[in-house]
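See below for the structure under consideration.
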Amino acid sequence: MTTYGAATEAKINEVLDACGRYGSSAIVALAGVPGTGKSYVASIAAQRFTNEPLLVREVQFHQSFSYEEFVEGLRVDSSLGVTVVPGVFLEWNQRALDDPEHKYVLLIEELTRANLPAVLGELMTYLEHRERAFLTIYSRKPVRVADNLTIIATYNPTDRSAIELDTALIRRLRIIHSGPDMGQLSEMLEAKVSPEALTSLRKIFSECESNFGEQYRHLMPFGHGIFAGVESEKPDLHRLWTERIEHLLRRPLIEPHPFTEIIEGNYPWRDPAFQVAVPTPT
């Protein structure tokens with residue numbers, strides 16, 4: 001088994017603990033702003049929880065994702081007849097029901113991007129009450145949610161759709177806050193950038209938090225994970241600014257992000273001097 005730094009392992013273990021405690025009655029959801037390693041940690045935790053990567057299935061929700069894709073729907077077959085086709089959930093749930101000796105995980109990325117009450121349908125009740133069967137809309141077959149199926153999800157709590165989550169759904173989530181983590185930032189970069197550079201990057205987060213208090217948790221435009229691809233201080237940190245960070249802070253026709261001044265003031269790699277010219281091919 002691959003092991004990671006102490007901060008990363010702590011977050012993975014937090015997810016594993018929640019899966020063990022609540023995975024048979026709730027959705028274990030990692031919530032955080034973009035770039036906080038939610039997907040990374042969730043994927044590792046899912047594979048450790050099942051002890052087998054092939055027992056983990058991933059799906060990404062989006063605005064047009066439907067009940068028919070997730071639970072079951074109608075499809076026109078080759079003979080132009082209409083048949084009932086199980087969706088992602090029913091397929092994976094049946095696998096778990098047929099193999100009760102193993103743990104299964106369904107990993108849902110961007111949980112709140114879909115219209116959740118419409119996509120989940122009756123599952124909003126029966127994920128919690130797994131001893132009871134329910135009838136699906138189209139096939140009218142009784143289905144029971146497998147006790148050995150755990151759902152792990154990720155989402156951004158500042159998305160408009162997340163803000164509009166109703167109480168009934170929130171009650172069925174076990175939410176793990178996944179914010180910017182300075183321990184994980186150090187684990188990623190301490191062997192790749194200078195101590196002074198790492199101190200400056202940490203200062204971006206600490207000053208945003210000290211100046212904006214509780215708003216920091218929800219308004220920080222990125223997390224430590226945005227630096228995951230950095231291999232060297234120069235030119236990677238400059239390129240990261242010009243290609244990603246700058247566009248998160250200043251967008252055409254709207255006001256700059258409220259954290260812009262602090263982030264710019266602690267990010268010297270904005271200066272083109274930190275850019276290394278790419279050699280011209282001969």
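The values are calculated or read from the model by the stated rules, or taken from the named source; none is laboratory data. Keep in mind it's a predicted model, so treat the numbers as computed, not measured. Neighbour counts run over all protein chains shown; Cβ positions are idealised from the backbone, glycine included. For accessibility, only protein heavy atoms count, side chains too; no ligands or nucleic acids. Shrake-Rupley method; radii C 1.70, N 1.55, O 1.52, S 1.80 Å.
Quick notes on this one:
- Ser79, Ser43, reordered so the largest accessible area comes first (probe 1.4 Å): Ser79, Ser43
- Once the Cα atoms are used to define both axes, helix 38-50 deviates from the longest principal axis of the chain by about 50 degrees.
- In a simple Cβ point-charge model (Lys, Arg +1; Asp, Glu -1; nothing else charged), the chain has a dipole of about 420 debye relative to its Cα centre.
- Within the accessible area of the stretch 1-159 (1.4 Å probe), percent carbon and sulfur: 50 percent
- Order of exposure, largest accessible area first, which applies to His257, His238, His218 with probe 1.4 Å: His218, His257, His238
- Charges were assigned to the Cβ only: +1 to each Lys and Arg, -1 to each Asp and Glu. The resulting dipole of the stretch 46-157 about its Cα centre is roughly 160 debye.
- Percentage of interatomic Cα-Cα distances in the chain larger than 35 Å: 30 percent
- Residues of the chain: accessible area per residue with a 1.4 Å probe, Å²: 52 Å²
- Take the Cα of Ala168, go 7 Å toward its beta carbon, and the backbone nitrogen atoms of the stretch 27-45 under 18 Å from that spot belong to 27.
- For the chain, built as a Gaussian network whose Cα springs stay under 10 Å, the top-fluctuating residue of Thr154, Thr83, Thr125: Thr83
- Residues considered: Asp181, Asp99, Asp77. Largest GNM mean-square fluctuation over the chain, using C-alpha springs under 10 Å, is found at Asp77.
- Put simply, the amide H of Thr36, placed in the peptide plane, has neighbours under 5 Å in Gly223, Gly225, leaving out anything fewer than 5 places away on its chain.
- Highest-fluctuation residue, Ile151, Ile163, Ile44 considered, GNM on the chain with Cα pairs under 10 Å: Ile163
- Evaluating 6.51 cos²θ - 1.76 cosθ + 1.60 at θ = phi - 60° for every residue in the stretch 246-251, the Karplus couplings come out as 4, 7, 6, 8, 10, 10 Hz, glycine and proline recorded as x.
- Between the amide H of Arg174 and those of Ile27, Val28, Ala29, distances stay under 5 Å, these residues lying 5 or more places away or on another chain, with hydrogens modeled in the peptide plane.
- Treating r as the C-beta distance of Tyr22 and Ala191 and R0 as 35 Å, the FRET efficiency rounds to 0.45.
- The stretch 177-242 shape via C-alpha gyration tensor axes, a/c threshold 1.5: prolate
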